[in-house]
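The values are calculated or read from the model by the stated rules, or taken from the named source; none is laboratory data. Given the structure is predicted, the values throughout are model-derived calculations rather than measurements. A quick note on method: Cβ atoms are made from the backbone with ideal geometry, for glycine too, and the neighbour counts reach across all protein chains shown.
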Amino acid sequence: MMPWLVAHRGAMAEAPENTRSAFDRALSFPVDGIEFDVQSSRDGMPVIFHDDTLQKINGSRDSAADYTFDELADMDWGRWFSPAHAGEKLLTLEEVLALYAHRTRLMVEIKPAPDMMHEALYRKLARSVAIQMRTSVPGEFQDNLYVLSFDPELLRIVLEHDPDRKCVLNLEHAVETVSGIGMDAAALCGWGLEFSRLNADFVALSRRCGLKIMTYSCNSRETVEQALQWGVDVIMTDDPGGMFSLIRQRA
């Protein structure tokens, strides 16, 4: 069975990551899903952005959580990538679910709080994400939705409010046993790991645990070939157009 090909932050090699342009470009290829990042504005709006700071957006070292949604919405989210994308608008989780949940799988990564001061805000964010995904997406498309995070506590909050949600714990490095990962592996459907930290032993451990393996930053023939050889379940790439043909050649 061939792995899913998922566009990492959309087609971020061709358009500004986590924007409608990147998502639409990703869906111009026969991808199996889109991965994107959710953070909170200061007033609690789930917004789509990856970085810890707004350095590339407005030159600030502040985080998205330091601004209200209205302040963030007034910013240009595409000029940093290229002049052709100037004027790109910030997306909310509500908008992404409405635009894409009926079209493809969505891997919704809740980013950890940028600092201790915002931890309570991000716990509320996890609750908001769980409730919004369950209530705003029709039942026939619920299987398209996954929640990912590096923070086990945020996944626990999601499962508290939506026990049936498929959750993936992102890891900083491969582990040899399930002990010490920060939560009960039985509550998860999979693990996520950056490709350079993946290895065959970790994939084998995941198989024994009945968990899916999702790996990201597969952006070359060599990384895709190795991921296929190890038998990963999900390949996330910044360049879905370039990597699609490599995967389908193995079908």
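Restricting to segment 208-226, count the residues that are closer than 22 Å to residue 178 by Cβ and without any contact (Cβ under 8 Å) to a residue 24 or more places away in the chain. Steps first, please.
Taking segment 208-226 as the starting set, the residues that turn out to be closer than 22 Å to residue 178 by Cβ are 208-216.
Filter once more, so that each one left must be without any contact (Cβ under 8 Å) to a residue 24 or more places away in the chain: 208, 210, 213, 215.
So the answer is 4.
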Take residue 108 and decide whether it is buried (at least 22 other Cβ atoms within 10 Å of the Cβ), closer than 22 Å to residue 151 by Cα, touching a Pro at 6+ places or on another chain (Cβ under 6 Å) and not basic (Lys, Arg). no
Contact list please: Cβ distance under 9 Å, first residue in segment 95-107 and under 23 Å from residue 212 (Cα atoms) and touching a residue at least 40 places away in the same chain (Cβ under 8 Å), second residue among the β-branched types (Val, Ile, Thr) and part of a helix (DSSP H, G or I), pairs at least six apart or on different chains. 106/96
For the structure I just gave you, tell me whether residue 73 is more than 17 Å from residue 162 (Cα to Cα) and touching a Leu at 6+ places or on another chain (Cβ under 9 Å). yes
From the list 235, 247, which residue is out of contact with any Phe, Trp or Tyr (no Cβ under 6 Å at 6 or more places or on another chain), in a strand (DSSP E or B) and in contact (Cβ under 8 Å) with a residue 40 or more places away in the chain? 235
Looking at segment 134-144, can you tell me whether even one residue there is closer than 22 Å to residue 31 by Cβ and among the aliphatic types (A, V, I, L, M)? yes
Scanning segment 54-87 residue by residue, those under 18 Å from residue 123 (Cα atoms) and either assigned to a loop (DSSP other than H, G, I, E, B) or touching a Pro at 6+ places or on another chain (Cβ under 9 Å) (or both) turn out to be 63, 64, 65, 66, 67, 68
Residue identified as of a type outside the set (Ser, Thr, Tyr), buried (at least 19 other Cβ atoms within 10 Å of the Cβ) and within 24 Å of residue 245 (Cα to Cα) among 23, 49: 23
Flagged in segment 195-215 as crowded, with 16+ Cβ neighbours inside 10 Å and either assigned to a loop (DSSP other than H, G, I, E, B) or of a type outside the set (Ser, Thr, Tyr) (or both), in numbering order, are 195, 198, 202, 203, 205, 211, 212, 213, 214
When residues of segment 17-53 are filtered for being in contact with a Ser or Thr (Cβ under 8 Å, 6 or more places away or on another chain), in a loop (DSSP other than H, G, I, E, B) and in contact (Cβ under 8 Å) with a residue 60 or more places away in the chain, how many remain? 7
For residue 213, all conditions in the list (1) at pLDDT below 95; (2) farther than 17 Å from residue 31 by Cα; (3) not hydroxyl-bearing (Ser, Thr, Tyr) hold save one; what is the number of the exception? (1)
